[in-house]
Amino acid sequence: MTQKVLLIDDSAPIHGLVRTRLRSEPVELHFAFNGEEGLTMALAVLPDLILLDVDMLRPDGFEVCRRLKADSRTMNIPVVFLSSAGSTEDKIRGLDLGAVDYVLKPFDPAELRARVRASLRTKYLMDLLSAKAMIDGLTGLWNRAYFDVRLVSELAITRRTGQPLSCVIADIDRLKQINDTYGHPAGDEVLRAVGQVLMEGSRQEDTVCRYGGEEFAILAPNSAATGAALLANRLRQAIERHSLTHNGVEIRVTCSMGIADLRGTAPPCVVEMADRALYEAKQMGRNRVAIANHREMKVA
């Protein structure tokens, strides 16, 4: 696995030295020659590690680190300071600003590689923990926490570009009855099976999550409600056709789905609209797709 390392240093010889010292490491190197350029590149590249020179002209390394840690997009990127000054005060200041390590120039090649490896290893493990915290343990899909984060991001893109965004809320029909009849292990198998069908049948750009209980949510970017309805109906039919056997007994499963999209006059909460459409689909007999409109619901 190749990880990205950004070096921010105003010394061209240091750039060449770091390139040589890390040549054998599985890293993709990026370079910036001043603080402002480094801040811009950090946002563009989102590296796994930043090697940051302290002794630059304005902004110096301490100010660059402060600004990196103040930005939610870069605050979790580990920073290793490079400096020719080894005073205790400077080290304390750097660590207090959020740096994870401090390497003195001229640095020993083996020490630099070891410290880079350690910082990248820590970043990799933190990324794994962060991802695990956003994965539903039963189905392996993204969970509600991830959905909430992704929704904010997709809403921002939609409002900036004017491209449509649809939300599909899917609910397994009569899951309580399945649990009561066959037991909760059977219900868990149903949840896993439905989640798999939704994931396999959705587009690569769609975000499929377990929203909670027997509900799933799909964010479909660049898709109006009519297009999302075609996707939802394909998924609904695939779930209905899916053969699920538990302890030798075949269990038939269906889903109801509600859809809403963002339009010029749409209310801001597309999820609430999709949930209202889901309720309408349930009221109309289940195993169907309903599309939310501003004044009425229509069944697809």
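Things to note:
- Yes/no for SER119 being crowded, with 19+ Cβ neighbours inside 10 Å and either outside the structural domain of VAL270 (by TED's automatic domain parsing) or among the aromatic types (Phe, Trp, Tyr) (or both): yes
- Test for PRO185: is it over 20 Å from ALA260 (Cα atoms) and at pLDDT below 95: yes
- Residues (under 21 Å from VAL208 (Cβ atoms), among the hydrophobic types (A, V, I, L, M, F, W, C) and surrounded by 12 or more Cβ atoms within 10 Å (Cβ to Cβ)) located in the range 122-137: MET134, ILE135
- Count of the range 235-255 residues, restricted to those that are under 21 Å from VAL168 (Cβ atoms) and either buried (at least 17 other Cβ atoms within 10 Å of the Cβ) or in contact with a Lys or Arg (Cβ under 7 Å, 6 or more places away or on another chain) (or both), is 6.
- The C-beta contact set for the range 273-293 (first residue buried (at least 24 other Cβ atoms within 10 Å of the Cβ), second residue in a loop (DSSP other than H, G, I, E, B) and at pLDDT 95 or above, distance under 6 angstrom, 6+ apart or interchain) comprises ALA281/ARG288.
- If the condition is being of a type outside the set (S, T, N, Q) and over 19 Å from GLY195 (Cα atoms), then the range 165-181 contributes LEU165, ASP180.
- Hits in the range 241-264 - residues which are over 19 Å from GLU215 (Cβ atoms) and among the acidic types (Asp, Glu): GLU250
- If you go through the range 1-47 and pick out every residue that is within 20 Å of CYS65 (Cα to Cα) and among the acidic types (Asp, Glu), you end up with 4.
- Search result, residues across the range 7-26 that are closer than 21 Å to THR122 by Cα and touching an Asp or Glu at 6+ places or on another chain (Cβ under 9 Å): LEU7, ILE8, VAL18
- Criterion (under 24 Å from the mean Cα position of the chain (by Cα) and more than 15 Å from ARG115 (Cα to Cα)) met by exactly one of ASP55, ASP96, ASP71: ASP71
- Filter pass, VAL197 being outside any loop (DSSP other than H, G, I, E, B) and in contact with a helix residue (DSSP H, G or I) (Cβ under 9 Å, 6 or more places away or on another chain): yes
- Strands (runs of 3 or more DSSP E) lying entirely in the range 14-111 (those with 2 or more residues that are in contact with a Phe, Trp or Tyr (Cβ under 9 Å, 6 or more places away or on another chain)): 49-53, 79-83, 101-104
The values are calculated or read from the model by the stated rules, or taken from the named source; none is laboratory data. The structure presented is a predicted model; accordingly, all values stated were derived computationally and were not measured. Methodologically, a virtual Cβ is constructed for each residue, glycine included, from the backbone with ideal geometry; neighbour enumeration extends over all protein chains shown.
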